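S.K.: Okay, handing you the structure first.
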Amino acid sequence: MNTEQDEYWMRHALQLANNAQQQNEVPVGAVLVKDNQIIGEGWNQSISLHDPSAHAEMMAMREAGRKQQNYRLVDCTLYVTLEPCSMCAGLLIHGRIHRLVFGASDPKTGAVGSLFDLLGDPRMNHNIAVTAGVLAEQCGEKLSAFFKLRRAQKKLSKNKVQ
């Protein structure tokens, strides 16, 4: 893949992150691409679905699995705005995706190099090519703005109670 194509799909993932934000979810979006076609897309829905596994990556891969009628999603690239957590990194391995492209790193829960590197562990039975930092600034700004707003809302509600 080339940089232009990676940025194109990451911009699409950023648009999907807006869906999460409109639902008051952490704004993370993911799109799964095969042969330059979308086969699955998703955004964080853990709060609205009351499902701790409803991360953007999980939602995109669930949709792709249904469409492909196969849980093995070989020759696919997943674009996600935030570095996957350990649950999602494990999902990518089990789904046998070929490549992961992510935007912002996640120093608190990132499992693709920030906190630890599940995909880079040589003991894993499947290797995934990783490209990090695509549109990282835009992806990070979206998350930072969301959490800044959320902190301001919490502060405001605390002040109202007093």
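The values are calculated or read from the model by the stated rules, or taken from the named source; none is laboratory data. Source: prediction; values computed, not measured. Cβ placement follows ideal geometry from the backbone for every residue including glycine, while neighbour counts extend to all protein chains displayed. SASA here: full protein model, heavy atoms, side chains in, ligands and nucleic acids out. Shrake-Rupley method; radii C 1.70, N 1.55, O 1.52, S 1.80 Å.
S.K.: Peptides 3-11, 72-80: what's the order by average Cβ count within 10 Å, highest mean first?
M.R.: Working: 3-11: 15.4, 72-80: 22.1.
Highest-to-lowest ranking by the protection proxy: 72-80, 3-11.
S.K.: Using Kirkwood radius over Cα pairs in Å as the read-out, say which of (1) 15.9; (2) 17.4; (3) 16.6 was calculated from these coordinates.
M.R.: Among (1) 15.9; (2) 17.4; (3) 16.6, the one calculated here is (1).
S.K.: So for each of 112-118, 97-103, 16-22 I average, over its residues, the number of other beta carbons within 10 Å; can you give me the resulting order with the highest mean first? Show your work: numbers first, answer last.
M.R.: On the way: 112-118: 17.1, 97-103: 23.1, 16-22: 19.4.
So the order, starting with the most tightly packed, is 97-103, 16-22, 112-118.
S.K.: Let me ask something additional. Show that you can apply the helix-only estimate: for the chain, add -39,500 (n - 2.57) for every DSSP H stretch of four or more residues, divide by all residues, and state [θ] at 222 nm to the nearest 500. Could you put the intermediate results ahead of the total?
M.R.: Numbers: 5 runs with 73 residues, N = 162.
My calculation for the chain gives -14500 deg cm²/dmol from helical runs alone.
S.K.: Here's something else I'd like to know. With a point put 7 Å past each Cα toward its Cβ, work out how far residue 22 is from residue 153 in nm, to one decimal.
M.R.: Taking the simple label geometry, residue 22 and residue 153 are separated by 1.6 nm.
S.K.: Right, another one. Using Cα atoms only, what is the angle between the long axis of helix 86-95 and the major principal axis of the chain, expressed in degrees (0 to 90) to the nearest 10?
M.R.: It is inclined by approximately 30 degrees.
S.K.: Taking the solvent-accessible surface of protein heavy atoms with a 1.4 Å probe, what is the per residue accessible area of the chain in Å²? Each step should come with its number before you reach the end.
M.R.: On the way: 8880 Å² over 162 residues.
For the chain, the per-residue accessible area is 55 Å².
S.K.: Let me ask you something else. Tally up the carbon and sulfur contribution to the accessible surface of the chain as a whole percent, 1.4 Å probe, everything protein left in place. Don't skip to the end; give the middle numbers.
M.R.: Details: 4550 of 8880 Å².
Of all accessible area on the chain, carbon and sulfur atoms account for 51 percent.
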